[in-house]
Amino acid sequence: MTESDFVALWRAFYDKVTAKRDELNQLDAAIGDGDHGTNLARGLGRVVEELKPSGSLRASCRMVGMRLLSTVGGASGALWGSALVSASTVLPDEAQMNHETALAALSRGIDQMRARGKAEVGDKTMMDVWIPAVTALESGAPVGDVAAQAMSSAEATRPLQARRGRAAYLGSRSIGHVDPGSLSTALWWEALAEVVDS
Amino acid sequence: MTESDFVALWRAFYDKVTAKRDELNQLDAAIGDGDHGTNLARGLGRVVEELKPSGSLRASCRMVGMRLLSTVGGASGALWGSALVSASTVLPDEAQMNHETALAALSRGIDQMRARGKAEVGDKTMMDVWIPAVTALESGAPVGDVAAQAMSSAEATRPLQARRGRAAYLGSRSIGHVDPGSLSTALWWEALAEVVDS
Amino acid sequence: MIALLLVSHLDRVAAAVRDLITELAGADVVVGTAGGTSGFGVDLATIEAEIRRLSDRGATHIVALGDMGSSVILLEESACGADVPIEVVDAPFLEGAVASAMVLATGGGASEARTAAEAAYDLRKR
Amino acid sequence: MIALLLVSHLDRVAAAVRDLITELAGADVVVGTAGGTSGFGVDLATIEAEIRRLSDRGATHIVALGDMGSSVILLEESACGADVPIEVVDAPFLEGAVASAMVLATGGGASEARTAAEAAYDLRKR
Ligand SMILES: Nc1ncnc2c1ncn2[C@@H]1O[C@H](COP(=O)(O)OP(=O)(O)O)[C@@H](O)[C@H]1O
Ligand SMILES: Nc1ncnc2c1ncn2[C@@H]1O[C@H](COP(=O)(O)OP(=O)(O)O)[C@@H](O)[C@H]1O
Ligand SMILES: [Mg+2]
Ligand SMILES: [Mg+2]
Ligand SMILES: [Mg+2]
Ligand SMILES: [Mg+2]
């Protein structure tokens, strides 16, 4: 992956989130505070404004993370930001990386999300999408397939009862709604698939 | 017990609490917020100001309880107030009551404190004094003996770890201090013994 | 309409938590506050006055939380005399308020709001 | 000196709880507050600024509580970069703040304050 792919990835993710902002907000309104689309769109808006090829994937990834940490943006923004800052440390100080490095960064990122958020698969959070997606990619699945699977994983959060995040306060009332952070994570995988495929 | 004994009881209790206000505050400062002497003295000050023989022990007792409930006064004031309002319902609408009725009122009062405060003997609260004192009186012990025993019960809260009330937040740090509400309760029994003996 | 009632020793604690849950759960959830009598403290009359105010605003059921033991005890005392049913909940103040407001905002009833507030003792923040 | 740090999405929530614990535990306990960025929210820079302010006031150890998950996550993030050790505690916000302030006011250390705050999840109000 080149740095221009990296920039294109965040641009594509921003576009997808903006297009689905209302849907993400509505999902969050059902089991949270209704701001997930707005939070992500705001944070990513700042990211795409600033993100320019710098010659260093490490610096770019860190910048994206720091921007998400410093743009007021809910639990999801804090976890995304923390994961990206952590992932950046395994990225090269160059404009290009190989598949192995990308996998290492992803794995580092979700480890950090897990450490910070303490959520596991089945807790009805974005980890329900992140963990199986990275596992699939690690075992050689093509990115397009992983993205499709990510969307199914997001949909599969619907019957679950939330055990982490503020939705957990709703108890059984959280059942029957797709987790917004899971849907937005699936959108990130769709964006990645588009950028990598093109 | 006559209504004038009842009035004298609260007057004597007020005097004892006022005399030990600083000690009660210091005990509370060690395991709470340092206001127990001030709280009780303020509430009882209002009580003795207003308490005049009305011809009805029920009305007088209820008045004392309501006054303690409406004078800003911490957990102890709320529990005392609630117990007295409840106890008043078994008192006669007359200026005199027999020993049996007094026992019924005491028993009603501590049941109410237990219901509201959920503390049992050993939790390092004033229930450590109330419960054995009422039990002793019920089994025929003279009031003077009960009062002496109440003072020992208060002292016996020293090695305990608080399990109810705000002192419980201190965990093992609450060990080694006498519970202030237990000491003030023992003062009430001393006041009762003085009034009944005289 | 089911209302929330927040009782704290310092009036601005209950008011700030009310504003927080309004941000999270929306302005449709009606929240009353009481406490801070003479600067610091809680008393029966202030709580009862706020209960009447909520009932005048149309509350047919109240879910009530207190910041500390004395608030909860006085809430139970005032619940006895009130002409609207009051669920006095022992719950972590902020977390219980958030949980019950979320339940009410998504159409839940008073007893479900109560359960959610109590359950907040068993949930961790992440 | 050990300081408390309270982080909330609405600045007045942390400020009000600070005032409450000052009433209960006395003014000797130093309490910093952060949050409420652009009206509602929490961000890293605001927390880090308050940590520096506490450190300038002489804090050599900080016990930190957040109102919700995002506050706790951002506190942990800022704890990594801070030059003063920070105990980020997952505790009920008000009750944990009261408990840790009581421990600090009676001479306890940071890890005891942390334990007391966490244990507040297991205590009931009466
Ligand atoms: N502890 C956690 N671990 C992993 N993901 C979490 C956690 N808490 C929340 N999330 C994710 O964050 C999403 C909510 O994000 P958002 O609405 O932006 O933040 P907030 O909940 O603070 O308003 C949830 O749908 C969930 O996927
Ligand atoms: N749940 C409870 N049950 C019985 N007694 C209690 C309870 N909580 C507190 N107390 C008593 O109240 C006393 C503290 O009273 P006070 O200092 O006036 O109130 P506060 O703790 O609200 O400042 C404690 O010493 C204890 O004896
Ligand atoms: Mg949200
Ligand atoms: Mg939010
Ligand atoms: Mg006290
Ligand atoms: Mg007090």
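The values are calculated or read from the model by the stated rules, or taken from the named source; none is laboratory data. None of the values given here were measured: they were computed from a predicted structure. Neighbour counts run over all protein chains shown; Cβ positions are idealised from the backbone, glycine included.
Would you confirm, using the coordinates I've provided, whether D:Ala101 is within 16 Å of ligand 5 (Cβ to nearest atom), within 13 Å of the chain's Cα centre (by Cα), more than 10 Å from chain C (Cβ to nearest Cβ) and modelled with pLDDT of 95 or more?
On the way: within 16 Å of ligand 5 (Cβ to nearest atom): yes; within 13 Å of the chain's Cα centre (by Cα): yes; more than 10 Å from chain C (Cβ to nearest Cβ): yes; modelled with pLDDT of 95 or more: yes.
Yes; evaluated as a whole, the condition is true for this residue.
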Could you say whether any residue in the range C:41-64 is among the acidic types (Asp, Glu) and farther than 27 Å from B:Gly43 by Cβ? yes
Kindly provide the set of residues from the range B:168-182 that are away from ligand 5 (no atom under 16 Å from the Cβ) and either more than 25 Å from D:Ala99 (Cβ to Cβ) or more than 14 Å from chain D (Cβ to nearest Cβ) (or both), ordered by number. none
Name the helices (runs of 4 or more DSSP H) wholly within the range D:67-124 that hold at least 2 residues that are away from ligand 4 (no atom under 16 Å from the Cβ), touching a residue at least 40 places away in the same chain (Cβ under 8 Å) and under 28 Å from B:Ala162 (Cβ atoms)? D:93-105, D:110-119
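For the range B:79-100, what are the residues that are hydrophobic (A, V, I, L, M, F, W, C), crowded, with 18+ Cβ neighbours inside 10 Å and more than 12 Å from the chain's Cα centre (by Cα)?
Start the filter on the range B:79-100 by keeping residues that are hydrophobic (A, V, I, L, M, F, W, C), which leaves B:79-80, B:83-85, B:87, B:90-91, B:95, B:97.
Narrowing the set further to residues that are crowded, with 18+ Cβ neighbours inside 10 Å leaves B:79-80, B:83-85, B:87, B:90-91, B:97.
Once the filter is applied, which keeps residues that are hydrophobic (A, V, I, L, M, F, W, C), crowded, with 18+ Cβ neighbours inside 10 Å and more than 12 Å from the chain's Cα centre (by Cα), the range B:79-100 yields B:Val85, B:Ala87, B:Val90, B:Leu91, B:Met97.
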Among the residues of the range D:61-85, write down those that are among the hydrophobic types (A, V, I, L, M, F, W, C), surrounded by fewer than 24 Cβ atoms within 10 Å (Cβ to Cβ) and touching a helix residue (DSSP H, G or I) at 6+ places or on another chain (Cβ under 7 Å). D:Ala82, D:Val84
Pairs, please: C-beta under 7 Å, at least 6 apart or cross-chain, first residue under 17 Å from A:Ser76 (Cα atoms) and in the range A:102-117, second acidic (Asp, Glu) and within 16 Å of ligand 4 (Cβ to nearest atom)? none
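Yes or no, residue by residue, for (1) touching a strand residue (DSSP E or B) at 6+ places or on another chain (Cβ under 8 Å); (2) within 14 Å of ligand 1 (Cβ to nearest atom):
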| position | (1), (2) |
| --- | --- |
| A:Gly77 | no, yes |
| A:Gly81 | no, yes |
| A:Gln96 | yes, no |
| A:Thr101 | no, no |
Members of the range B:65-102 found to be at the interface with chain C (Cβ under 10 Å from one of its Cβ atoms) and among the β-branched types (Val, Ile, Thr), listed by number: B:Thr71, B:Val72, B:Val85
Tally, over the range A:158-173, of residues that are within 21 Å of the chain's Cα centre (by Cα) and within 16 Å of ligand 4 (Cβ to nearest atom): 6
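With respect to B:Ala41, determine if the residue is within 14 Å of chain C (Cβ to nearest Cβ) and more than 16 Å from ligand 4 (Cβ to nearest atom).
Numbers: within 14 Å of chain C (Cβ to nearest Cβ): no; more than 16 Å from ligand 4 (Cβ to nearest atom): yes.
Considered against the rule, which asks whether it is within 14 Å of chain C (Cβ to nearest Cβ) and more than 16 Å from ligand 4 (Cβ to nearest atom), B:Ala41 comes out as no.
Restricting attention to the range C:31-60, which residues are in a strand (DSSP E or B) and surrounded by fewer than 18 Cβ atoms within 10 Å (Cβ to Cβ)?
First, pick out the residues of the range C:31-60 that are in a strand (DSSP E or B): C:31-35.
Within the range C:31-60, no residue meets the criteria.
Among residues belonging to the range B:31-59 that are more than 17 Å from B:Trp188 (Cα to Cα) and surrounded by 17 or more Cβ atoms within 10 Å (Cβ to Cβ), point out the one that is farthest from ligand 6 (Cβ to nearest atom).
Residues of the range B:31-59 that are more than 17 Å from B:Trp188 (Cα to Cα), as a first pass: B:31-35, B:49-50, B:52-59.
Next, only the ones that are surrounded by 17 or more Cβ atoms within 10 Å (Cβ to Cβ) stay: B:31-35, B:56-58.
Details: B:Ile31: 12, B:Gly32: 7, B:Asp33: 4, B:Gly34: 8, B:Asp35: 4, B:Ser56: 32, B:Leu57: 30, B:Arg58: 30 Å.
Looking at residues that are more than 17 Å from B:Trp188 (Cα to Cα) and surrounded by 17 or more Cβ atoms within 10 Å (Cβ to Cβ), I get B:Ser56.
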Going residue by residue through the range B:61-81, is there one that turns out to be away from ligand 4 (no atom under 16 Å from the Cβ) and out of contact with any helix residue (DSSP H, G or I) (no Cβ under 6 Å at 6 or more places or on another chain)? yes
Which one of these does D:Ala116 not meet: (1) more than 10 Å from chain C (Cβ to nearest Cβ); (2) closer than 21 Å to C:Ala16 by Cα? (2)
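Could you pull out the residue among C:Ala59, C:Ala45, C:Ala82 that is away from chain B (no Cβ under 14 Å), over 30 Å from D:Ser71 (Cα atoms), modelled with pLDDT under 95 and away from ligand 2 (no atom under 16 Å from the Cβ)? Quick ask: steps written out before the conclusion?
On the way: C:Ala59 fails: modelled with pLDDT under 95; C:Ala45 fails: away from chain B (no Cβ under 14 Å).
Being away from chain B (no Cβ under 14 Å), over 30 Å from D:Ser71 (Cα atoms), modelled with pLDDT under 95 and away from ligand 2 (no atom under 16 Å from the Cβ) holds for just one of C:Ala59, C:Ala45, C:Ala82, which is C:Ala82.
Just one of A:Glu3, A:Glu50 is free of Cβ contacts under 8 Å to residues at least 24 places away in the same chain and more than 16 Å from ligand 5 (Cβ to nearest atom); which is it?
Values: A:Glu3 fails: free of Cβ contacts under 8 Å to residues at least 24 places away in the same chain.
So the residue among A:Glu3, A:Glu50 that is free of Cβ contacts under 8 Å to residues at least 24 places away in the same chain and more than 16 Å from ligand 5 (Cβ to nearest atom) is A:Glu50.
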Taking the condition more than 16 Å from ligand 6 (Cβ to nearest atom), aliphatic (A, V, I, L, M) and at pLDDT below 95, does A:Val72 pass? yes
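Sort out which residues of the range A:171-195 are free of Cβ contacts under 8 Å to residues at least 60 places away in the same chain and within 16 Å of ligand 3 (Cβ to nearest atom), and write them in order of number. Quick ask: steps written out before the conclusion?
Here is the first cut: in the range A:171-195, the ones free of Cβ contacts under 8 Å to residues at least 60 places away in the same chain are A:171-172, A:175-176, A:182, A:185-186, A:193.
Those that are free of Cβ contacts under 8 Å to residues at least 60 places away in the same chain and within 16 Å of ligand 3 (Cβ to nearest atom): A:Ser182, A:Thr185.
Working only within the range A:138-167, note down all residues that are within 14 Å of chain C (Cβ to nearest Cβ) and either touching a strand residue (DSSP E or B) at 6+ places or on another chain (Cβ under 7 Å) or without any contact (Cβ under 8 Å) to a residue 40 or more places away in the chain (or both). Even if it seems obvious, please write down each step before you answer.
Step one: of the range A:138-167, the residues within 14 Å of chain C (Cβ to nearest Cβ) are A:161-167.
Once the filter is applied, which keeps residues that are within 14 Å of chain C (Cβ to nearest Cβ) and either touching a strand residue (DSSP E or B) at 6+ places or on another chain (Cβ under 7 Å) or without any contact (Cβ under 8 Å) to a residue 40 or more places away in the chain (or both), the range A:138-167 yields only A:Gln161.
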